[in-house]
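Here is the structure we will look at, set down as C-alpha cells.
The values are calculated or read from the model by the stated rules, or taken from the named source; none is laboratory data. As the structure is a prediction and not an experimental result, all values here were calculated from the model. All Cβ positions, even for glycine, are placed from backbone atoms using ideal geometry, and neighbour counts span all protein chains on display.
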Amino acid sequence: MQNSGLMENKTSNPKVFVPMACDLIHEGHINILKKSKKLGHVIVGLLTDEAINVYKPLPIFNYARRKEIISSIKYVDEIYKTNNWDYSRALEDIKPEFVVHGDDWKENNQVRVRQNVINQIKKWKGKLVELPYTKGISSTSVKDVLRSNINPIFLRTQIFSRLIKSKNLIRVIEVHNGLSALIADRTKFKNKEFDCLWLSSLTHSASKGKPDIEYIDDTTVNSTINDIFEITLKPLIFDADSGGRIEHLKYSISNLGRLGVSAAIIEDKVGSKKNSLSKKNNTQKQDSITNFKRKLIEVKKVSSQNGVFIFARIESLILGKGLDDAIKRAKNYINAGADGIMIHSKKQTPKEIFDFCKLYNNLVNRKPLVVVPSTFHKTYEKDFYNHGANIVIYANHLLRASIPAMEKVAKSILEFERSSEVESEMKKIDDLLDFTDK
Ligand code: SPV
Ligand code: MG
C-alpha cells in the first residue's frame, strides 16, 4: 500500500478515486468502498485536518489515526494524502478513470466542488459514480455514541492542539453555564459552528449576579465546568483572571488539566481586580514583567506535564501603557514559556490591535495570538485573520443577549398582568423540554 502525493500506479486496473474524511468508519463508508472496489484499484483521497477544517469541524481522530484505520480495510488499495478540500490537485495527479462519492453532495455545501470535479475529470474522460447516501447512519450519530464511551478529557485536549495546528482562525464563544454551553454546542449556520468555548470571568460572575472581581471560588468554577462538559465535547478555554497567588498556581493548573480544560488565559493584572472594559476610573495595576514571568514559569512546570495551553494576556493597551510596552511583554512572556498571547483593547476600532499584530508577527518566537473583539465589534473575522490573529473570542455575547430578552418579558408581565403579549418572544415549553432532554 502506497501513501504518497505522487501516484505511481503499477496496475492496469482502472483507478478509482474515493475522497473521504474517514472519521469514525461506519457501514456507509464500507458500502462506498466495497462498490468502488468492483470498479478497479481503489485510491482513498484521505483528507487532512487542514482540508476538512475548510468545510466542517475537525474529525474526532487525527490524520495518522484515520490513515491507520482506513488502510486496514480490504477494499482499499492506496491512500492519497489530500490537502485540498476540492481534490483538484489529487485528481490532476492521479487522473482516475472513476471518482466515487455519496450522492448527498448534490445538495449539501459541496455542490460547487462536485461541479468542479465533473469539469476536471471530463478532460481525461473520467466518470463520476454517485452512490445513494446510506440512511440512518452518519459520523454525527456515531459521535453521539462516542460521547458516552470515549475519554472526553483526551478528546478535548487533542482537538484543541489540532485546531491550533490546522485552523486559520479558531472561533470561540463565551459560555457561563450548562444552558449557554448547550446553545454554543448546537448552534450551526451552514457549515459553520463554534470551535471552542470560553468560560469568561465576566459572564460567569454575572450569571451568579456578581461583579467581575475574582469573587467566584474554585469549587463553583469546577461545578460550572462540570455542567458544561456534561453536554459538549468542544474544547474549553478558561479565563484564569490573574491566576491568583503564585503558590496556588500549580494546584489550580493541575486541577484544570484533570477536568479536561484545554487552555487557560492568565492576565498580567495585580491587586484589586477590575474588568478591563470598565469605563469607570480604572485603578487596575499591571504586574511587573519580572513577577509575571515568574508566574508563567511556575504555571508551565505543571502545564507542560498535563498539556493545558497557557496564554499570557497583556493589559498594556487597556491601561494606556502603549505598544512598545505590549510588545516587550509579549517577547518576555513567550520567553518565559507562554504557549500564546492574548492582546486586549477597549478601543472602538481595532487599530491598536492591528498595530500590535504588525510588530508581533515579526517576533522570531511568535506564538498563537488571541483577540477579543468586544468593543471593536464591527471588524470581520477575516480582517483579524489577515492581520495574523489565530483565535477570536466572542467573550460575553450569549450572556449579554439573554439580559434584555429576560428584562423585556419581565416588564411586559408587569405591564399587562399576564404573559400573553410576550409568548411569541419565548421558547415554547415543549421546545424547551426537548431542548434539554437530549
Ligand atoms: C472576560 O470575558 O471575562 C474577559 C474579557 O476577561 S474582558 O471582559 O473583556 O476583560
Ligand atoms: Mg475575565
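Descriptive notes on the structure:
- Output for segment 271-290, where each listed residue is of a type in the set (Val, Ile, Thr) and at pLDDT 95 or above: ILE289, THR290
- All positions within segment 300-314 that are more than 12 Å from SER242 (Cα to Cα) and β-branched (Val, Ile, Thr): VAL302, VAL308, ILE310
- Residue in segment 274-286 that is nearest to ligand 1 (Cβ to nearest atom), counting only those that are out of contact with any strand residue (DSSP E or B) (no Cβ under 9 Å at 6 or more places or on another chain) and among the basic types (Lys, Arg): LYS274
- Remark: pairs (first residue in segment 234-260, in contact (Cβ under 8 Å) with a residue 12 or more places away in the chain and at positive phi; second residue away from ligand 1 (no atom under 15 Å from the Cβ) and polar (S, T, N, Q); Cβ separation under 8 Å; 6+ apart in sequence or on different chains) = GLY243/SER252; GLY244/SER252; GLY260/THR157.
- Residue ID - surrounded by the fewest Cβ atoms within 10 Å (Cβ to Cβ), chosen from residues in segment 166-176 that are away from ligand 2 (no atom under 16 Å from the Cβ) and in a loop (DSSP other than H, G, I, E, B): ASN168
- Any hit, segment 82-102, residues being under 23 Å from GLU27 (Cα atoms) and surrounded by fewer than 18 Cβ atoms within 10 Å (Cβ to Cβ): no
- Every residue from segment 199-213 that is within 9 Å of ligand 2 (Cβ to nearest atom) and touching a residue at least 40 places away in the same chain (Cβ under 8 Å): SER200, SER201, LEU202, THR203, ASP212
- In segment 154-171, the residues that are in contact with a helix residue (DSSP H, G or I) (Cβ under 9 Å, 6 or more places away or on another chain) and either at pLDDT 75 or above or closer than 12 Å to ILE391 by Cα (or both): ARG156, THR157, ARG162, LEU163, LYS165, SER166, LYS167, ASN168, LEU169, ILE170, ARG171
- Selection status of ILE310, closer than 16 Å to ASN222 by Cβ and of a type outside the set (Phe, Trp, Tyr): no
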